[in-house]
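The values are calculated or read from the model by the stated rules, or taken from the named source; none is laboratory data. All figures in this text were calculated on a predicted structure; none of them were measured in a lab. With ideal geometry, Cβ positions are generated from the backbone for all residues, glycine too; neighbour counts draw on all protein chains shown. All accessible areas refer to the heavy atoms of the entire protein, side chains included, with ligands and DNA or RNA removed. Shrake-Rupley method; radii C 1.70, N 1.55, O 1.52, S 1.80 Å.
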Protein chains: 2
Amino acid sequence: MMTMRVAIIGVGQTKMGEHWEKSLRDLSTAAGALALKDAGISASDIDGLYIGNMSAGRFVGQEHLGALAVDQAGLTPIPATRCEAACASGALAFRKAYLAILSGHHDMVMVGGAEKMTDLKATGSVGTLMGAGDQEWESSIGLTFTGLYALMANVYMRKFGLTREELALIPVKNHGHGVNNPYAQFRFPVSVQDVLNSALVADPLRLLDCSPITDGAAAVVLATENVAKRFDNPIWIAGSGQASDTLALHGREEMHRVRAAEYAAKTAYAQAGLGPDDIDVAEVHDCFSIAEVMAYEDLGFAPRGKGKDLLINKDTTIGGRIPVNTDGGLKVGHPVGATGIKQIIEIVRQLKALAPNQVKGAKIGLAHNVGGSGATALVHILRSD
Amino acid sequence: MMTMRVAIIGVGQTKMGEHWEKSLRDLSTAAGALALKDAGISASDIDGLYIGNMSAGRFVGQEHLGALAVDQAGLTPIPATRCEAACASGALAFRKAYLAILSGHHDMVMVGGAEKMTDLKATGSVGTLMGAGDQEWESSIGLTFTGLYALMANVYMRKFGLTREELALIPVKNHGHGVNNPYAQFRFPVSVQDVLNSALVADPLRLLDCSPITDGAAAVVLATENVAKRFDNPIWIAGSGQASDTLALHGREEMHRVRAAEYAAKTAYAQAGLGPDDIDVAEVHDCFSIAEVMAYEDLGFAPRGKGKDLLINKDTTIGGRIPVNTDGGLKVGHPVGATGIKQIIEIVRQLKALAPNQVKGAKIGLAHNVGGSGATALVHILRSD
């Protein structure tokens, strides 16, 4: 294992929402330009580009996203790579850029994520998103992603006695945090009663349990230790973990946990020489409310079945022991391919004490990005020194 | 730059063609199993998986290809990554797997490519393939990929006086080579007259100038130098280059060359400490006949405008000075995401003296894989010692 360290030296993101007047290339370019500006560098300093995107082929009829991004940014002829692992595409691109720097073939890499979900050319967004699941065994029989997570929610709730009201504490917390996030698609608080009164999508999950359809892009600049030392306040990658599980939910022995996330966390903690108790702030993949409860346990923040205690005790709310989704999480915007990057950006802001919902003295943060119903998971641990 | 070497220790591929009774996962798994068998290892020896695929989201309604492949192969929970750069997705995945090993995070990685083009769920294959071009400026106005390469052919032929008959020597040579390739979709020879009599697709390109719509998968196993030493006859990666150009053809200053391929070749030659004269055998991306002529020049096998001399002198035919596309090239099968890997496999076979059209004493080979109309290009140089 290499001992060279890699740092994040700049970040940028667009507002998340419905960008009817902006294309996928407009959004990608805007995020990249903001990241360059934040780092105080020019495009010509970059020697490689990675982009995470799930389904632009279906959303906007465009594959070959690396070329799109590098061309629009005026960065040709540097190498450009698109990575895809459904909703984990952002963190996947981040990890591949990190490995590319560790390989010795790159010194300073732009890594972004982008998704334009509102310009549907082919099928609807629900059908397109099912490309993240198993086409032969899940989408072909009419399962939706809310359906898949509803199955997990039912298993979890029955097994551990989590109530519908307790589950509602996730969107209540995250919407509460999102009110202060200038990049959020939604900036309004919701109550437990609002969640319980919202439309039923797939029992027990209701509209306010679900992340939205979002356009958006986010980008960060990575650099080798030698390069990063010249910049103020680089944020270091302390650990990176990636793991896989069965593509179809029915292939798993247990449906109340995400094994890929457990493996990814284990790898990242081991590399960082840290454990769950060392984490000051975390961004976790709350595509549906139940996902955040499982994440608490997969990441070791709570024992199995006890995730709800963190909610009831407000441990994961700003001011609590380990604030989670301080920007509002996926609940206030989930531009699929960009999500893994915007999570990392929130952690960078927290570690630089620049976050709207600042966690006082945060030095170590974690980002957890999941693809599909848990077939891919990535965990990154960042630290400020 | 790291000095550790990385080797290919096993290869496997499916027959290329119309696989009406096999799915994308069947094809991927078959290729992977053959690569494991060739290496003489078991699945549990692998610690990472990369897969190149262009457009399964549109072809078969399936994204999240890394998870599909790793699940089907029984390799969970190891990390699995899909890479995409249109027709260069295979070589892109290969390079990312190579960098992953150099990073120190992996010791033995499976890297495959797969495409199932005949099971169209959404739009037609011509429309889907235009996802490799520029959706806003090319596909939206009705350009096809044959149209884009026809534009390049017209510019090239006018500039350098290449005749229609001379251009036909590419499919004549490649079909001639393909007759002996057991994995080829087409195994019949064609004459210059056959090419000239075949249906006009986009002037001046005719049906026999075009690569086909193909299902297929291919996979190789990469290992660190320390691991590879334990295997017979490892084939070493001597150089890897990747570069980008504008996504849309009209953005380029010149249309008679592929600048991204020139840059990628320059990088790969420099890393290998070799030049065009050192190459014993090459696989180049002949998606359309004109592409192979340009490749000769982009790779330095011929001076600019003189590519046709290699054809007239039979330099690139088996028995010539530098045989090109000894397996028949893309002309006898182009399973898009798999193409970059099956090129590398042909070079491995040549360097192990196992190719059906063997180049006597071949020690150094090159593979050249292009995405779209040249917005992405990758060049790899392999050697047997």
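Below, the figures for the structure above:
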quantity	calculated
Principal-axis tilt of helix B:24-39 within chain B, Cα atoms, nearest 10 degrees	60
Burial order of peptide ranges B:156-166, A:315-325 (average beta-carbon count within 10 Å, highest first)	A:315-325, B:156-166
Computed helical MRE - 222 nm, chain A, DSSP H runs ≥ 4 contributing -39500 (n - 2.57), nearest 500	-10000 deg cm²/dmol
Ascending list, in nanometres, of distances separating the residue A:127 label from those of the other copies (7 Å, Cα toward Cβ)	1.1
Relative contact order of chain A, pairs being alpha-carbon contacts under 8 Å that are 6 or more residues apart, as %	25
Separation in nanometres of the label points that stand 7 Å from Cα toward Cβ, at residue B:226 and residue A:304	3.4
Convex hull per residue volume in Å³, alpha carbons only, for region B:7-66	106
Shielding by partners, peptide B:99-109 (average Cβ within 10 angstrom, other chains)	6
Rounded accessible area per residue of chain A, 1.4 Å, Å²	31
Principal-axis tilt of helix B:169-178 within chain B, Cα atoms, nearest 10 degrees	30
Theoretical gain in end-to-end length, residue B:277 to residue B:107 [0.36 nm per residue, Cα-Cα removed]	57.9 nm
Check: region B:209-306 dipole with +1 on Lys, Arg Cβ and -1 on Asp, Glu Cβ, in debye	300
Principal axis dimensions, chain A - Cα atoms, whole angstrom, descending	54, 46, 38
Rh (Kirkwood; distinct C-alpha pairs) - the protein assembly as shown, Å	25.7
Inter-part distance where region B:245-280 and region A:298-363 are each reduced to a Cα centre, Å	45
Leading residue at positive end of dipole, the protein assembly as shown (Cβ point charges), from B:320, B:269, A:301	B:269
For residue B:20, label point 7 Å along C-beta direction: distances to other copies, nm	4.6
Radius ratio Rg over Rh of region A:1-115, counting only Cα atoms, Kirkwood formula for Rh	0.95
Among beta bridges that DSSP assigns inside the protein assembly as shown, antiparallel share in %, nearest 5	75
Of all accessible heavy-atom area on region A:15-107, the percent that carbon and sulfur account for (1.4 Å)	50
Distant alpha-carbon pairs in region A:43-85 (separation over 15 angstrom), percent	38
Farthest toward positive dipole pole in region A:39-115 [+1 Lys/Arg, -1 Asp/Glu at C-beta], among A:92, A:113, A:50	A:92
Cα lying deepest toward the dipole's positive end in region A:186-309, options A:190, A:226, A:250, charges on Cβ	A:226
Peptides ranked, highest mean first, by Cβ atoms within 10 Å: ranges A:338-347, B:193-202, B:173-182, A:305-314	A:338-347, B:173-182, A:305-314, B:193-202
Beta bridges by DSSP in chain B, antiparallel share as percent, to the nearest 5	75
Dmax and Rg, reported as Rg then Dmax, of region A:226-332 (C-alpha, Å)	15.3, 50
Cβ-derived FRET efficiency at R0 22 Å, residue B:179 paired with residue B:18, nearest 0.05	0.70
Per-residue average of Cβ from other chains inside 10 Å of B:372-378	4
Region B:238-351 - percent of accessible surface contributed by carbon and sulfur, probe 1.4 Å	47
Cα gyration tensor of region A:312-366 - equivalent ellipsoid semi-axes, whole Å, descending	19, 14, 8
Bins of 5 Å from zero: percent of alpha-carbon pairs in region B:272-381	2, 13, 26, 27, 21, 10, 1
Degrees separating the helix B:336-351 axis from the principal Cα axis of chain B, which is the longest one	80
For residues of B:84-94, the mean tally of beta carbons on other chains within 10 Å	4
log10 of Debye I(q)/I(0), alpha-carbon scatterers only, for region A:179-261 at 0.20, 0.22, 0.26 Å⁻¹	-1.08, -1.10, -1.18
Position residue B:312, label points 7 Å along Cα→Cβ, spacing to each other copy in nm (shortest first, one decimal)	8.7
Neighbour net charge for residue A:197 - beta-carbon separation under 14 angstrom, K R +1, D E -1	-1
Dipole magnitude of chain A about its Cα centre (Cβ charges: Lys, Arg +1; Asp, Glu -1), debye to nearest 20	500
